[in-house]
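Here's the structure we're looking at; comments come further down.
The values are calculated or read from the model by the stated rules, or taken from the named source; none is laboratory data. None of the values given here were measured: they were computed from a predicted structure. With ideal geometry, Cβ positions are generated from the backbone for all residues, glycine too; neighbour counts draw on all protein chains shown.
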Amino acid sequence: MNNEVYQLYDRIFKRIFTLSDLSIINMINGLFHTNYSTESIVEYPNKEFVNRFLKERLADVFISINSTHTYHLEAQIQKDENIVLRVFEYGFYHAVEHMDDKTILKFPEPVVIYLTKESNIPEESVLILDFGKQGSFEYKVENYIYLNHDVIELNQRKMGILIPFQLLKFKEIIHKNPTRKNFEKLQRLLENDILKSIEANVKVGNITQEDATQLLELTRQLYEYLYDNYYEIGGCEDMKPLLDGAMELPLDKYRIRIDELEGELASEKERADKMSVEAERLRKELEELKKNK
């Protein structure tokens, strides 16, 4: 897979983690079978580390819930025999950086999300940690094969923010046989499995309307990529900071400007409130002076 394709998927994957805390908590609950309240606090711990070769390594996403539990999500396009070692390395550096008790290394809970179908990927990858006389330990990482799970299951588990990647079901088919018929199938998938699912997730409260807007933009970008590359026939919630490498969307400049204007209005309101308090103080002083004359 060329680097341009990998970067596109990587940037879209990271972009979905700028969506609302509501949608992130729902996805964590669905992916890790947890039961966090939607009022939980979502944080993104530092994910930049320096390995033993003094080279910077960048993990995909670390998510902390209520400052007590941390989850590590890696996205993969192709099978990688070394992924479990890399996940362990990222987890180790994270554990060292966030040690509370200097005698305990608390690793984040990991999962590798494979965005395309790959053969012979086990349900979990295992790394044996051999401590000599102290024995050995199995470090296990779950492999979540995204395209093995249909839209109905994703919606039931409230993992709607991953819905745009359903387009990848047709990636290989279109690549091998870019016919009008196959693109008509892709368009039906887009309408029935993706657009309607996003709308349904808003209605039941799994995601916000702003989340839906951004998911639709991401879906459009991915669809246009597939279309342009394989078939040529003429053709507001407060925003979180972007994760490193996340995709910027066309409407971002408007969202940012709205946030700036809201900030300016808040500052003006605060200034007006202070002036009102000061005016009331002066009015009372003036009344006292009149009384004392």
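Taking each residue of region 114-135 that is on the phi > 0 side of the Ramachandran plot and looking for partners that are surrounded by 10 or more Cβ atoms within 10 Å (Cβ to Cβ) and not aliphatic (A, V, I, L, M) with beta-carbon atoms closer than 8 Å, six or more apart or interchain, yields ASN120/LYS79. When LYS171 is tested against (1) crowded, with 16+ Cβ neighbours inside 10 Å; (2) farther than 23 Å from ASP80 by Cβ, exactly one condition is not met: (2). Residue check: is SER136 among the small types (Gly, Ala, Ser) and surrounded by fewer than 15 Cβ atoms within 10 Å (Cβ to Cβ)? So SER136 passes the test. Applying the set (1) more than 20 Å from ASP60 (Cα to Cα); (2) among the small types (Gly, Ala, Ser); (3) not in a loop (DSSP other than H, G, I, E, B) to SER125 leaves exactly one unmet item: (1). The residues on offer are ASN143, ASN155, ASN148, and the sole one that is among the polar types (S, T, N, Q), over 30 Å from THR68 (Cβ atoms) and assigned by TED's automatic domain parsing to the domain that holds LEU85 is ASN148. Across region 141-167, the number of residues qualifying as part of a strand (DSSP E or B) and either touching a Leu at 6+ places or on another chain (Cβ under 8 Å) or within 21 Å of LEU19 (Cα to Cα) (or both) comes to 2. Restricting attention to region 107-122, the residues that are part of a strand (DSSP E or B) and charged (D, E, K, R) add up to 1. Scanning region 188-212 for residues that are surrounded by fewer than 17 Cβ atoms within 10 Å (Cβ to Cβ) and under 16 Å from SER23 (Cα atoms) yields GLU199, ALA200, LYS203, VAL204, GLY205, GLN209. Consider region 68-106 and keep the residues that are part of a loop (DSSP other than H, G, I, E, B) and touching an Asp or Glu at 6+ places or on another chain (Cβ under 9 Å). The one that is surrounded by the fewest Cβ atoms within 10 Å (Cβ to Cβ) is GLN78. Residue check: is SER267 of a type in the set (Ser, Thr, Tyr), exposed (fewer than 12 other Cβ atoms within 10 Å of the Cβ) and either within 20 Å of ILE163 (Cα to Cα) or at pLDDT 75 or above (or both)? For SER267, the condition - of a type in the set (Ser, Thr, Tyr), exposed (fewer than 12 other Cβ atoms within 10 Å of the Cβ) and either within 20 Å of ILE163 (Cα to Cα) or at pLDDT 75 or above (or both) - is not met. Residues that are of a type in the set (S, T, N, Q) and within 13 Å of THR70 (Cα to Cα) within region 25-39 comprise ASN29, THR34, listed in sequence order. For first residues located in region 181-206 and in the same structural domain as LYS169 (by TED's automatic domain parsing) and modelled with pLDDT of 85 or more, partners that are outside any helix (DSSP H, G or I) and of a type outside the set (Ser, Thr, Tyr) and lie 6+ apart or on another chain with Cβ distances below 9 Å form the pairs ILE198/ILE207; ALA200/ASN206; ASN201/LYS158; ASN201/ILE207; VAL204/LYS158; ASN206/LYS158; ASN206/MET159.
May I ask you to say which residue of LYS79, LYS55, LYS102, LYS117 is in contact with a Leu (Cβ under 9 Å, 6 or more places away or on another chain), at pLDDT below 95, more than 26 Å from GLU39 (Cα to Cα) and basic (Lys, Arg)?
Criteria check complete, one pass: LYS117.
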